[in-house]
């Protein structure tokens with residue numbers, strides 16, 4: 001029935017993507033198609049676990065494909081009448097991008113271009129792009145505003161996200177594709193990627209292994225709970241007030257790294273072993289989102305302070321450990 005809308009979520013087996021898919025399927029008004037290539041950036045089994053519950057839903061279909069494979073993407077577009085695209089697939093992470101800049105450019109720039117051009121060709125009129133707070137670079141003005149200059153990124157990852165936003169603006173201007181770019185600020189929560197600090201630290205603290213702390217622990221991040229992020233993404237799918245917009249999605253609260261570690265210690269019931277390291281190239285000293293615009297135009301209203309968010313995350317994490325350690329039922 002055409003009352004049911006068709007949406008494509010790239011990276012829909014990943015951390016943020018799988019949460020979004022879960023939300024869309026629960027609404028019962030979407031036919032959700034996911035493109036994910038299950039690459040080895042981290043264990044593909046974790047992504048397969050993320051989608052396991054979705055596979056049984058009649059309103060869900062999964063395509064194992066790379067966004068750089070334009071011909072496969074074209075087949076998917078030809079066979080599905082998409083009303084909207086949420087593009088979350090990307091090579092992620094600042095530090096890995098320093099080692100593989102060409103791979104990051106190919107995936108994050110050319111892959112985004114493939115999707116935008118297919119949106120043009122197949123007349124998809126709503127395009128939501130997952131950007132990143134890293135594009136602000138070493139921004140001295142805080143909090144970071146969408147109007148701030150982003151022409152000085154300090155990592156290949158950040159540069160590719162800035163390029164993606166520019167491509168979105170170009171296609172919006174030329175082809176009347178309503179495009180919303182969402183700058184995510186350090187998202188965490190259940191199913192978080194294992195390379196990200198909160199989950200990585202939790203595993204190391206639990207195992208009694210040292211955690212590497214780059215700098216003196218005073219770097220600050222605007223940690224954003226995944227449920228709040230999904231609220232912003234969901235609002236962006238319906239946004240129709242202008243043809244191109246950029247929004248910060250953060251908690252608008254900065255947290256020092258050493259306080260984050262204290263919260264993890266408290267909730268995990270274990271002490272961290274600190275291995276101090278020098279600051280890393282590409283890392284920024286702080287991120288801090290001005291979310292005034294998102295509040296006004298998306299009705300974005302984050303609810304989860306870091307103390308509650310870490311409690312929720314560690315409850316999930318401890319359950320994950322228990323599940324791994326329990327014997328498999330015969």
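Every number here is computed from the coordinates shown, using simple stated rules; none is lab data. All figures in this text were calculated on a predicted structure; none of them were measured in a lab. Note that we place each Cβ from the backbone using ideal geometry, even for glycine, and neighbour counts take in every protein chain shown.
Ranked by the mean number of other Cβ atoms within 10 Å per residue, highest first, peptides 47-53, 12-18 order as 12-18, 47-53. Peptides 119-126, 169-176 ranked from most to least packed, by the mean per-residue count of other Cβ atoms within 10 Å: 119-126, 169-176. At a threshold of 8 angstrom on Cα-Cα distance, excluding pairs fewer than six apart, so keeping six or more, what relative contact order does segment 171-309 reach in percent? After rounding, I find 36 percent. Segment 41-79 and segment 266-330 have their alpha-carbon centroids 26 Å apart. For the pair residue 138 and residue 23, how long in nm is the line joining their label points, each one 7 Å along Cα→Cβ? Output for this residue pair reads 3.5 nm. Counting every alpha-carbon pair across the chain, the share separated by more than 33 Å comes to 23%.
Between residue 149 and residue 243, the contour length at 0.36 nm per residue exceeds the alpha carbon distance by 31.8 nm.
The mean sequence distance of close C-alpha pairs (under 8 Å, at least 6 residues apart), as a share of the length of the chain, puts its relative contact order at 17 percent. Modelled this way, with points 7 Å down the Cα-to-C-beta line, the labels at residue 280 and residue 216 are 2.1 nm from one another. In this structure, residue 195 and residue 3 have a Cβ-Cβ separation that, at R0 = 45 Å, corresponds to a calculated FRET efficiency of about 0.65. A helix-only calculation puts the chain at -12500 deg cm²/dmol for mean residue ellipticity at 222 nm, using -39500 (n - 2.57) for each DSSP H run of at least four residues, averaged over all residues. Starting from the Cα gyration tensor of segment 97-141, take the square roots of the eigenvalues, sort them a ≥ b ≥ c, and report rounded, prolate or oblate (rounded when a/c is under 1.5, otherwise prolate if a/b is larger than b/c, else oblate). Verdict is oblate for segment 97-141. Per-peptide packing, taken as the mean over residues of other Cβ atoms within 10 Å, places 23-33, 84-94 in the sequence 84-94, 23-33 from highest down.
When the Cα gyration tensor is reduced to axis lengths a ≥ b ≥ c, the ratio a/c is 1.5 or higher for segment 267-330, and with a/b not above b/c it is classed as oblate.
Helix 111-121 and the longest principal axis of the Cα set of the chain meet at an angle near 20°.
Helix 156-175 and the longest principal axis of the C-alpha atoms of the chain enclose an angle of approximately 20°. Between the beta carbons of residue 95 and residue 270, assuming R0 = 45 Å, the FRET efficiency works out to 0.95 to the nearest 0.05.
Its relative contact order, with pairs defined as Cα atoms under 8 Å and 6+ residues apart, puts segment 101-168 at 46 percent. Give me the distance between the Cα centres of segment 191-258 and segment 103-173, rounded to whole Å. Using only Cα atoms to place each centre, the spacing works out to 18 Å.
Rounded, prolate or oblate: which fits segment 55-119 when a ≥ b ≥ c are the square roots of the eigenvalues of the alpha-carbon gyration tensor, with rounded for a/c under 1.5 and prolate only if a/b beats b/c? Cα axes put segment 55-119 in the prolate bin.
In degrees between 0 and 90, to the nearest 10, how far off the longest principal axis of the chain does helix 15-27 point, with axes built from Cα atoms? Approximately 50 degrees, to the nearest ten.
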